[in-house]
Structure formats: C-alpha cells, structure tokens
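Working notes, structure below.
Rule-based calculations on the coordinates, nothing more; no lab input. These numbers come from a predicted model, not from an experiment. Backbone-built Cβ (ideal geometry, glycine too); neighbour counts: all protein chains shown.
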Amino acid sequence: MEIFTLLETMEELLENSKNLPFSGKAMVDKEEMLDLIKEMRIKLPDELKQAKWVKEERQRILVEAQKEADDIVKEAENRIISMIDEHEITRKAYEQKAEIIETANEMSREISKGTKEYADSILQNVEAALQGALDTIQNNRKELK
C-alpha cells in the first residue's frame, strides 16, 4: 500500500526537520509536505477502492462459509432424523415380529387343543359304538347259550 510509504516519508521528513529553540515545534519544507499530501490524495481513492473490495470479498466469503456451514448442519440433522427413523422402523419391526410369533403360538395352542378335543370326541363316539356292539355281541352270546 503506497499510502503507508507516503506516511513513512512524511514521518521521516518531520523527524529530520530542524527544531525551533525553546519549543516543541519544528520547521519542515512546506512544498515537500504539500507534495506528499497531494500524492496521498491522489492515491487514497485507489487504496479505498481496494480496501472496499477486500471488505466486500471478506463479507462474501463469510456469507458463503456460513451458508456452507448451515448446509452441513442441515445435512447432519437430516441424517440424524433418517437414522432415528431407521431405528424406529427397526424397533417397530421387532415389535411386530414378536406380536406375530405370539399370535402364531396362540393359534397353534388353540389348534392343538381343538384337535385333541375333536380326536377325543371321535374316540368317545367310537368307544360308545364299540360298547354298543360289544353289548349286542354279549347279548347274542347269552341268547346262544
């Protein structure tokens, strides 16, 4: 930045100037000082433009970085929600599996109980029929004797 160079030149001019006796004041070359000020005025707009551009570029980078950070956070939140949903789906699947197995076991017990009752009923009917046949046979044997 040339402004700093000009300021350093002005500083050197003041440091190398002659001091007035019994005061803190110094004598400087008026023309040389005015030339430096004039040169600073000429260069200052360019320096300001460059500083403004740097400031705007910095702001643009900050906005872009914030947007990128927001996107990363949003993506992470979506991923967490997805993982939670997957966990919830898995948990519900296990619950449904347990319910289905319990229902199947209950149905199996009921079918087994019903089968046994049916078989017992058939055997009871067969027993009654056989008992009737046996009674008939015994009666026929008695008549034969």
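Output the 0 to 90 degree angle, nearest 10, between the alpha-carbon long axis of helix 2-15 and the longest principal axis computed from the alpha carbons of the chain.
40
Once you charge only the Cβ atoms, +1 for Lys and Arg and -1 for Asp and Glu, what is the size of the charge dipole of region 91-142 about its Cα centre, to the nearest 20 debye?
120
Determine the gain in length on full extension of the stretch Ala93-Lys116; use 0.36 nm per residue of separation and subtract their C-alpha separation, reporting nm with one decimal.
This chain segment gains 4.9 nm when fully extended.
At a Förster radius of 22 Å, what calculated FRET efficiency corresponds to the Cβ-Cβ distance of Leu20 and Leu44, to the nearest 0.05?
Computed FRET efficiency for Leu20 and Leu44 comes out at 0.10.
Pairs of alpha-carbon atoms within less than 8 angstrom and 6+ residues apart define the contacts here; what relative contact order does region 2-126 have, in percent?
16
Can you give me the long-range amide H partners of Ala26? Hydrogens built in the peptide plane at 1.01 Å from N, cutoff under 5 Å, separation of 5 or more residues or another chain.
Residues meeting the amide H criterion: Leu20.
Per 10 Å bin, what percent of the C-alpha pairs of the chain does each bin hold, from zero upward?
That works out to 8, 12, 10, 8, 8, 7, 7, 6, 6, 5, 5, 4, 4, 3, 3, 2, 1, 0, in percent per bin.
Would you list which aspartates and glutamates come within 18 Å of Lys49, measuring only between C-alpha atoms, while excluding same-chain residues fewer than 8 positions from it?
By straight Cα distance, Lys49 reaches Glu2, Glu39, Glu57.
What FRET efficiency would be calculated for the residue pair Leu7, Asp70, taking the C-beta separation as r and a Förster radius of 35 Å, to the nearest 0.05?
The formula returns an efficiency of 0.25 here.
Could you work out how far helix 30-144 tilts from the main Cα principal axis of the chain, as a 0 to 90 degree angle to the nearest 10?
0
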